[in-house]
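A short write-up of the structure that comes next.
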Amino acid sequence: MADALHAAQLVKSYRSTRALDGVDLRVAAGELVGLLGPNGAGKSTLTKIACGLVRPTSGRVEVLGRPAGSKAARARTGYLAELFRFPGWANADELLALHQRLARSDGGAAERAALLEHVGLQEAAERRVEAMSKGMQQRLGIAQALIGDPALVLLDEPTSALDPAGRRTVRELLETLRGRGVAVLLNSHLLSEVELVCDRVVIVDHGKVIAEGKPHELAAPGGVEVETEHGLRRFPDARREDVPQIVARLVAEGEPIYGARVVAATLEETYLQLVGAGAR
């Protein structure tokens, strides 16, 4: 089975500025990949190339084995831009009906109702966009990205305007999509959200991929801490497999032990170290 998304040696230049500089990226079917990086790193450019809105300078991008931007690729791709705008006079149901026509979806009212329920807007079908909070509009935007049952969904900062409850709704929705075999490329600045839901993380900076892997793989080890009767003992170079030996030694020395834990840097800490190193 072809990857849902495959970018190979992708380059995009704007005159003297190189937004993407030889990016390689794969998203497998049903995989949820978080795309991280500072402003100007090339994340949105990559997303726009993947959905056919921007042409690369060189390299290639395929969606399910078809060239990105082709009719076949667009038919299987859902997209939510970071700075989207919907007409204020339309209500939620009318907005989704418009996008159904644009996407040539024959899902009808049943599809619209199901999508509004998925994003927690089932009670707002008749509410106009201009009367919605920014968070509600964000969830409506996610609903329109799912019209036509896409195999690949590209989400550019989908939780930026959401409160904690709204972000949880989106996380649950993303997990549902993964369970259905839908691939998601999630561009986000909320590293805690990415760490919770993504199978894999790709970090880009200055148009290059500087790190990728599962969130726990990117979290650097930080040693072992043992809580004793006389305070917290730290072993900065120790690993998980060293814990039994450390505890046994302390007990043999007569030290009462109340707990031990393996310390690891968060994804956010690892990200800041990597991006900071790139800036330097």
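The values are calculated or read from the model by the stated rules, or taken from the named source; none is laboratory data. Everything quoted here is computed from the prediction, not taken from an experiment. Cβ atoms come from the backbone with ideal geometry, glycine included; neighbour counts cover every protein chain shown.
Details
- Note on the range 100-119: residues that are of a type outside the set (K, R), surrounded by 12 or more Cβ atoms within 10 Å (Cβ to Cβ) and in a helix (DSSP H, G or I) amount to 10.
Okay, residues lined up against (1) touching a residue at least 12 places away in the same chain (Cβ under 8 Å); (2) among the hydroxyl-bearing types (S, T, Y):
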| site | (1), (2) |
| --- | --- |
| K12 | yes, no |
| P67 | no, no |
| S70 | yes, yes |
| T77 | yes, yes |
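- Residue check: E217 meets all listed conditions (1) surrounded by fewer than 16 Cβ atoms within 10 Å (Cβ to Cβ); (2) among the charged types (D, E, K, R); (3) in contact (Cβ under 8 Å) with a residue 12 or more places away in the chain but one, namely (3).
- Of all residue pairs spaced 6 or more apart or on separate chains, those with beta-carbon atoms under 6 Å, a first member in the range 94-106 that is in contact (Cβ under 8 Å) with a residue 12 or more places away in the chain and in the same structural domain as G69 (by TED's automatic domain parsing) and a second member that is surrounded by 15 or more Cβ atoms within 10 Å (Cβ to Cβ) and assigned to a loop (DSSP other than H, G, I, E, B) are L95/F86; H99/I147; Q100/I147; A103/I147; A103/G148; S105/I147; S105/G148.
- Taken together, the criteria exclude V201 from residues that are more than 17 Å from R26 (Cα to Cα), under 32 Å from the mean Cα position of the chain (by Cα) and assigned to a strand (DSSP E or B).
- For the criterion of being part of a helix (DSSP H, G or I), in contact (Cβ under 8 Å) with a residue 12 or more places away in the chain, under 11 Å from the mean Cα position of the chain (by Cα) and in the same structural domain as R66 (by TED's automatic domain parsing), E193 passes.
- Only a single criterion out of (1) at pLDDT below 85; (2) surrounded by 11 or more Cβ atoms within 10 Å (Cβ to Cβ); (3) farther than 17 Å from G222 by Cα is not satisfied by R280, namely (2).
- The single residue among I203, I142 that is touching a Pro at 6+ places or on another chain (Cβ under 6 Å), of a type in the set (V, I, T) and within 28 Å of G40 (Cβ to Cβ) turns out to be I142.
- Failed condition for E225, given (1) of a type in the set (D, E, K, R); (2) in contact with a Lys or Arg (Cβ under 7 Å, 6 or more places away or on another chain); (3) within 30 Å of G40 (Cβ to Cβ): (3)
- Residue, surrounded by the most Cβ atoms within 10 Å (Cβ to Cβ), within the range 14-29, restricted to residues that are closer than 14 Å to R60 by Cα and touching a residue at least 40 places away in the same chain (Cβ under 8 Å): L20
- Candidate set from the range 72-90 (those that are under 19 Å from the mean Cα position of the chain (by Cα) and not polar (S, T, N, Q)); member that is surrounded by the fewest Cβ atoms within 10 Å (Cβ to Cβ): L83
- The set of residues from the range 120-179 being assigned to a loop (DSSP other than H, G, I, E, B) and of a type outside the set (A, V, I, L, M) comprises G120, E126, R127, S133, G148, D149, P150, E157, P158, T159, S160, D163.
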